[in-house]
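This report refers to the structure that appears directly beneath it.
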Amino acid sequence: MAELGPSPLASGNELPVDDARAAMLRVLRPVDGTETLPLEQALGRVLAVDVVSPIAVPAHDNSAMDGYALHGADLAADAPTALQAEATTVFAGAPYTGQVPRGGCVRIMTGAVMPAGLDTVVPIELCTVDGSRVTLKPGVLKAGENRRKRGEDLAEGGVALAAGRVLRPADLGLIASLGLPTATVRRRLKVALFSTGDELRNAGEPLGPGQIYDSNRYSLLGALQRLGVEVLDLGLVPDDPARLRATIDRAIAEADAVITSGGVSMGDADYTRDLLAARGEVAFWKVAMRPGRPFAFGPLLGEGGKTAFLFALPGNPVAALVTFYAFAREGLLVLAGARDVLPMRMAARSAVAIRKRPGRTEYQRAIVSRGGAGWEVRTTGAQGAGILRSMTEADALLVLRHDQGSVAAGDEVEVWLFDGLA
Ligand code: AMP
Ligand code: MG
């Protein structure tokens, strides 16, 4: 694909992470197709259309406190204010139909509609109550306080949530607060996943000489499940062109995207590339990143014009997951129609010095903690691309940018958190 640019693997050039990302994002478009779901099933789904509020929220001016509703104009600036209370209490859901005269007030509970003409609520704890006489000290309250105004949360006809939003718990509550029981979301992305390598065996099976267990499929399955996509698990595929071709053809036919690990490093690239060249316009990149480097991306073309986007990750377990987070995660979210797709990031001070040369992006496994001088981050143990333990011990990636050089202890660095508030 011309848009993806040349495949620099052959030339030995390394492509900066940002250039590879930009090339990837240029060709990705959200999938078509929507469905309307009950709110109970919409968590984590991507809004397909704006949610427009059919009502003002709140629908009426109402009290933000338990207290007495009054005319703000009755508040005396430098003397106590004494008011005559109505012989009733206004509760939420039961608006008061009477008129409160000037100099009067009425007991009101939080959320109750403000009686006509009243604009201020004095909290109960600021009042001295003696029978029907309510007194408050000067200066404790300003006119208009403790009243929520109609439409202050949302105007009628206003956009409550924009298309592309990945729905969070509060979003579901917000949609429900508009009286809407459903949300129109993009159809769920379907992602095929398989591991490649003759040496791999499934957990639960005995290992032969030189064999290892397939861990990538489980790490990536978890990462995909968290993204909320439907996963088509195509298992383990040996380094056999016919098996690989058959698996890829099935993935193209059934899925929107294909995630593979292994088989794209220098030694394997030619044979994988020949195979993929026959199916699409995949670019093989050697990305200037550590861990990572080999990464192939592009559209695969199947029968009847059906396409699926390939994200071919390196085989080393840490490199596979880091490359997923650096590229595939964002790519899949864009395919799913999501708008805000950057990972959860923060800045923290590096607790340690880190040697680095400019010219590549580094993703170190790290732990974030609260130090004396604010948020600190330290790296976890050995950082080899195959040491998956470095990933499980970490709660974040410490990201050193392409142009960045060595970091001194105390320097600010970028951090990507593995977990947000669930
Ligand atoms: P490759 O990119 O296929 O050359 O693999 C690079 C390294 O990662 C090799 O040591 C592989 O054995 C290892 N590897 C590849 N795929 C997996 C996997 N699914 N699980 C664990 N290790 C893997
Ligand atoms: Mg391999």
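The values are calculated or read from the model by the stated rules, or taken from the named source; none is laboratory data. All figures in this text were calculated on a predicted structure; none of them were measured in a lab. Don't worry about glycine lacking a Cβ; one is built from the backbone with ideal geometry, like all the others, and counts go over all protein chains shown. Areas reflect the complete protein model, heavy atoms only, side chains present, ligands, DNA and RNA absent. Shrake-Rupley method; radii C 1.70, N 1.55, O 1.52, S 1.80 Å.
Observations
- In a residue-by-residue description of the stretch 318-336, the property of being open to solvent by 10 Å² or more (accessible area, probe 1.4 Å) and closer than 19 Å to Ser265 by Cα applies to at least one position.
- Candidates Glu145, Glu86, Glu125, filtered to the one that is at pLDDT 95 or above and either of a type outside the set (D, E, K, R) or closer than 13 Å to Asp61 by Cα (or both): Glu145
- Residues of the stretch 279-320 that turn out to be outside any strand (DSSP E or B), in contact (Cβ under 8 Å) with a residue 24 or more places away in the chain and more than 16 Å from ligand 2 (Cβ to nearest atom), as a count: 6
- Residue within the stretch 309-328 that is hydroxyl-bearing (Ser, Thr, Tyr) and more than 30 Å from Leu200 (Cα to Cα) present: no
- Checking Thr392, Thr361, Thr379 one by one, the residue that is exposed (fewer than 13 other Cβ atoms within 10 Å of the Cβ) and of a type in the set (Ser, Thr, Tyr) is Thr392 and no other.
- Among (1) in contact with a strand residue (DSSP E or B) (Cβ under 7 Å, 6 or more places away or on another chain); (2) in a loop (DSSP other than H, G, I, E, B); (3) away from ligand 1 (no atom under 16 Å from the Cβ), the one test that Cys105 misses: (2)
- Filter result (under 20 Å from the mean Cα position of the chain (by Cα), assigned to a loop (DSSP other than H, G, I, E, B) and either closer than 30 Å to Ala116 by Cα or basic (Lys, Arg) (or both)) within the stretch 150-191: Arg165, Arg168, Arg187, Arg188
- Single unsatisfied condition, Thr36 versus (1) over 30 Å from Leu227 (Cβ atoms); (2) under 44 Å from the mean Cα position of the chain (by Cα): (1)
- The residues in the stretch 111-144 that are in a loop (DSSP other than H, G, I, E, B), surrounded by 14 or more Cβ atoms within 10 Å (Cβ to Cβ) and in contact with a Ser or Thr (Cβ under 6 Å, 6 or more places away or on another chain) can be counted, and the count is 1.
- Of all residues in the stretch 253-292, exactly one satisfies the criterion of being surrounded by fewer than 23 Cβ atoms within 10 Å (Cβ to Cβ) and among the polar types (S, T, N, Q), namely Ser265.
- In the stretch 344-359 there is no residue that is free of Cβ contacts under 8 Å to residues at least 40 places away in the same chain and either within 16 Å of ligand 2 (Cβ to nearest atom) or not charged (D, E, K, R) (or both).
- Those residues of the stretch 244-265 which are of a type outside the set (D, E, K, R), part of a helix (DSSP H, G or I) and touching a residue at least 40 places away in the same chain (Cβ under 8 Å), in sequence order: Leu244, Thr247, Ile248, Ala251, Ile252, Ala253
- Residue list for the stretch 210-245, restricted to those being modelled with pLDDT under 95, of a type in the set (A, V, I, L, M, F, W, C) and open to solvent by 40 Å² or more (accessible area, probe 1.4 Å): Ala242
- Complete set of residues in the stretch 235-252 that are within 24 Å of Arg29 (Cβ to Cβ) and in contact with a strand residue (DSSP E or B) (Cβ under 8 Å, 6 or more places away or on another chain): Ile248, Arg250, Ala251, Ile252
- Whenever a residue of the stretch 219-243 is under 10 Å from Val191 (Cα atoms) and away from ligand 1 (no atom under 14 Å from the Cβ), it has no partner that is modelled with pLDDT under 95 and in a helix (DSSP H, G or I) lying with C-beta atoms less than 9 angstrom away and at least six residues away or across chains.
- Checking every residue in the stretch 199-209 against the condition of being at positive phi and open to solvent by less than 70 Å² (accessible area, probe 1.4 Å) gives zero matches.
- Filtered by the rule that a residue be more than 12 Å from the chain's Cα centre (by Cα) and part of a loop (DSSP other than H, G, I, E, B), the stretch 327-345 gives Ala336, Gly337.
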